[in-house]
1. Between MET1 and ASP191, what is the FRET efficiency for a Förster distance of 51 Å, r being their Cβ-Cβ separation, to the nearest 0.05?
2. Would you tally the net charge around GLY137, using a Cβ to Cβ cut-off of less than 13 Å, leaving GLY137 out, and scoring K and R as +1, D and E as -1?
3. Between LEU273 and ASP15, what's the calculated FRET efficiency when r is the beta-carbon distance and R0 is 30 Å? Round to 0.05.
4. Rounded to the nearest 500, what is the chain's calculated 222 nm mean residue ellipticity when only DSSP H runs of at least 4 contribute -39500 (n - 2.57) each, over all residues?
5. Determine which lysines satisfy two conditions relative to LYS284: a Cα distance under 27 Å, and not lying fewer than 8 residues away in the same chain.
6. Expressed as a whole number of Å, what is the distance separating the alpha-carbon centroids of region 1-72 and region 234-288?
7. Among HIS51, HIS184, HIS24, determine the one that fluctuates most according to a GNM of the chain built with springs between C-alpha atoms less than 10 Å apart.
8. In debye, nearest 20: dipole of region 126-213 around its Cα centre with unit charges on the Cβ of K, R (+) and D, E (-)?
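Coordinate-derived values only; no laboratory data. On a predicted model such as this, the values are computed, not experimentally measured, just so you know. Don't worry about glycine lacking a Cβ; one is built from the backbone with ideal geometry, like all the others, and counts go over all protein chains shown.
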Amino acid sequence: METPAVRLRARLTPDRPAIAMSAHNPLSAKLAAEAGFDAIWGSGFELSAAHAVPDASILSWETHLAAMREMVEVQSAPVVADIDTGSGNAVNVAYLAPRYAAAGVAAMVMEDKTFPKDSSLRVGGRQELVPVEEFQGKIEAARVADGPLVIARTEALIAGLGQDEALKRGEAYAEAGADAVLIHSKQKTPDEILAFCRAWPGRVPLVLVPTSYPQLSFKEVAALEKVGLIICGNHAIRAAVAAMRETFARILAEGGIAGVEGRIASVAEIFALQGDGAMREIEKRFLR
Ligand code: SPV
Ligand code: MG
């Protein structure tokens, strides 16, 4: 059966990693798919930012799940859902996973931090990890027959526990049934991640989120032959914020909207993104 998970698994090719773009609503997901990204990253950071709250388990899982369902509905690239810690223990995960499966997501990324989580990128953030065995139980609870892939994310490097602990955790998570392992780092250079990738035994593909070390190109990652998916973690919301700030400031500074006209999307473009063409078909067929 060609489920979103099956499609995504076939694209986790370490000699040519899939590239996912972050999204915070259906429109950004649609734009990412239109641009040609292989997958959509249903980012908790972006969704939290879009609600103007911290990425610290403030939004409910229902809010995140609803956003994932809406992203699946409006475009056809596989959606990789960032379920953070799974909102609790393995029991919570066992109830969440079928709901994400029903929403049509291709994969769920679950991290080994304690609930409530704090953002990995936050300076001085709370980065406490659950015991390995506990997280293995959560991975097992996340697996649904014919459901989303389970990508286990270790925060061992983020928590400052070092490469040996990160490798131990990654291997234990693959052993528990994870389809891929996301290894995250907030070092400003890729050295820590490159060392981890080279030491990784390759039982399952790795996933990287190179926000902190943007100098690492996709080509360099492909050359490692260990990474199946590269996630651009927050580029949709950062692009949107920068564009809105610039436009808003210019309108006020210029005392009118004429100056920004050629720099922003046209109303016709927005109609097209809203699916106006499809609605016209419906009108033709059914409106009497
Ligand atoms: C997210 O985008 O929500 C992530 C990636 O989990 S990071 O913010 O780098 O932790
Ligand atoms: Mg997140």
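1. Details: r = 42 Å, r/R0 = 0.82.
For R0 = 51 Å, the calculated efficiency reads 0.75.
2. Numbers: positive: LYS138, ARG143; negative: ASP112, GLU133, GLU134, GLU140, GLU175.
My count for the surroundings of GLY137 gives -3.
3. Details: r = 34 Å, r/R0 = 1.14.
With R0 = 30 Å, the Cβ-Cβ based efficiency is 0.30.
4. Working: 12 runs with 131 residues, N = 288.
Helix-only estimate at 222 nm: -13500 deg cm²/dmol.
5. Counting by Cα, and skipping residues close in sequence, LYS284 has these lysines nearby: LYS30.
6. Distance between centres, Cα-based: 21 Å.
7. HIS51
8. Numbers: 10 positive and 13 negative charges, 57 e Å.
With only Lys, Arg, Asp and Glu charged at Cβ, the dipole is about 280 debye.
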